[in-house]
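Right, one structure below, let's go through it.
The values are calculated or read from the model by the stated rules, or taken from the named source; none is laboratory data. On a predicted model such as this, the values are computed, not experimentally measured, just so you know. Here Cβ is always computed from backbone atoms with ideal geometry, including for glycine, and neighbour counts include all displayed protein chains. These area figures cover heavy atoms from the full protein model, side chains too; ligands, DNA and RNA do not enter into them. Shrake-Rupley method; radii C 1.70, N 1.55, O 1.52, S 1.80 Å.
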Amino acid sequence: MTDTSVTFNPNTNSSDEGSLIPYPVLDPRNEEELAEESMLDGFNRSGGRLNDTTTHNPLAVFNRTLARLGSEILWYVNKLPRALAVAYLRLAGVQRSLGQRARVELTFILSTAITSSYQIPAGFEVRPDATLLSSNDIDLTFVTLEALVITPGNSSGSVIAECTQVGEVGNVPAGVLTLFTVPYANLSEVRNLEAAFGGSNPESLEQVESRALEAIRRRDTLIVKSDYERVAEDFLGSGSRAIALPLIGADGITYQIGSVHVFGVRSDQSLPSEAECNDIQARLSGLVPLGTTVYFTPVELIQIEVKAIVQIFDGFDPEDVFDEMRGALQAFLSPTTYAESDYVNLNDLEFVLRNVLGVRRVNSVVLNGLGQDILLPNAKSLPRLTGGYFEAFTQDQIFYTHAFGEDNSMTGGVPDV
């Protein structure tokens, strides 16, 4: 029999569910416990005569068969509370999201300025340059939602386009939508100056249930800090990060009574575009209490360059150790997961590197050319690893180096060993 119902792990709780009532398991016994209780009952009722508990004993086989049937019933009985909750959500009109298509602003550039109106029709197809995508097997098409009219004297114009495919796969980065298959006179090139946004995958049943129950808890109104952050992260997409700060105005700095400013970053550590910010801000505004003003803008990313000198154990491939070091730093300094703090602590990074397999000792760590902690200017600031330079030496004093990142020049020096 195939189980198509919503699954639920009663031992799994979110970080803020410690005060909630526990999940109602109607009967916690399992098959083994039922069989043991049945054998014990038979022993007691027979005055100790039915005392053969070996697995091949006919009574034991009979008891285990009954226990198996009982455990099947218990499995369904224990799912009853969750099934009733899902039935309630259906009656309340909760619907499953089938996903959304990504949208993006496309800029069409003409080879020369024109003297008469130039029109690009609705439905014009643009594709990404596969060589600029992380996965070359992605076949995507974006179509313009309305006709674009470029007026005389201008050489460019912009229009909104939508991906024909549903899902997060359509959230392509800036600068990749450059190909068009239908030739147009005087049309020189197409660009997406900002990343596509808004594409989301269809919800699973578990996601629908979680979202609906969370909406019931907050009654579709954003009240506390976590409400703003969770909803903003839902709008940004899975794996994103949002920080809600009360009493912060539109500029993200000044004090403003009755306002909440939410700052966000995508799961891929990129910042949401202006159009995406406006869209999320409008959606958040419909969920806030009367008299509250909400703003949404990108977080402030603080670029971090790490230089490190380490000693590695003999027998380890230096390149493998360097890859592990880089991965550990990227995970720790990810803006989507970095713990709230006023600093990027030098000792924390040393600890991270010391726990990399193959690293025997960390001799020195430098951040942004300085051997000290890096200040995160305000609560909306998050670190992002942009480059690194590693030196490693073995016990035989054989040296290896490795550089990576957006700027391999890596300003500043590394202290001597």
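Observations on the model:
- Accessible surface of the chain [probe 1.4 Å, protein heavy atoms]: carbon and sulfur percent: 52 percent
- Using the Cβ-Cβ distance between Asn30 and Arg217 with R0 = 35 Å, the FRET efficiency computed as 1/(1 + (r/R0)^6) comes to roughly 0.65.
- Å² of accessible area per residue within the chain, as computed with a 1.4 Å probe and no ligands counted: 56 Å²
- With the simple model of a label 7 Å out from the Cα in the direction of the Cβ, Thr55 to Leu193 spans 7.2 nm.
- Working from Cα pairs under 8 Å separated by at least six residues, relative contact order for the range 241-387 is 27 percent.
- Taking 18 Å as the straight-line reach from the Cα of Lys225, the lysines in range (excluding those fewer than 8 positions away in the same chain) are Lys380.
- Distance (nanometres) between label positions extended 7 Å along Cα→Cβ at Gln95 and Glu350: 5.8 nm
- Sites Leu145 and Val182 - FRET efficiency at Förster radius 22 Å, r taken between beta-carbons, to 0.05: 0.85
- R0 of 51 Å, Cβ-Cβ distance Thr292-Phe62: FRET efficiency to nearest 0.05: 0.15
- Within a straight-line Cα-Cα reach of under 15 Å, Lys307 can be paired with the following aspartates and glutamates, leaving aside sequence neighbours fewer than 8 residues apart in one chain: Asp323, Glu324, Asp348, Glu350, Asp373, Glu391, Glu406, Asp407, Asp416.
- Cα centroids of the range 101-173 and the range 302-363: 41 Å apart.
- Among beta bridges that DSSP assigns inside the chain, antiparallel share in %, nearest 5: 75 percent
- Taking a sphere under 13 Å around the Cβ of Arg96 and counting the other residues whose Cβ falls inside, with K and R at +1 and D and E at -1, yields a net charge of -1.
- Cβ-defined net charge surrounding Leu346, 15 Å radius [Lys, Arg +1; Asp, Glu -1]: -3
- A Gaussian network model of the chain, with springs between Cα atoms under 10 Å, assigns the largest mean-square fluctuation among Thr131, Thr53, Thr293 to Thr53.
- Candidates Leu213, Leu222, Leu290, ranked by Gaussian network fluctuation over the chain, Cα under 10 Å, top entry: Leu290
- Between Thr115 and Asp373, residue separation times 0.36 nm minus the direct Cα-Cα distance comes to 87.0 nm.
- When the chain is treated as a GNM with alpha-carbon contacts under 10 Å, the residue of Arg45, Arg241, Arg191 showing the greatest mean-square fluctuation is Arg45.
- Within the shell of other residues whose beta carbon sits under 9 angstrom from the beta carbon of Leu245, the net charge comes to +2, with Lys and Arg scored +1 and Asp and Glu -1.
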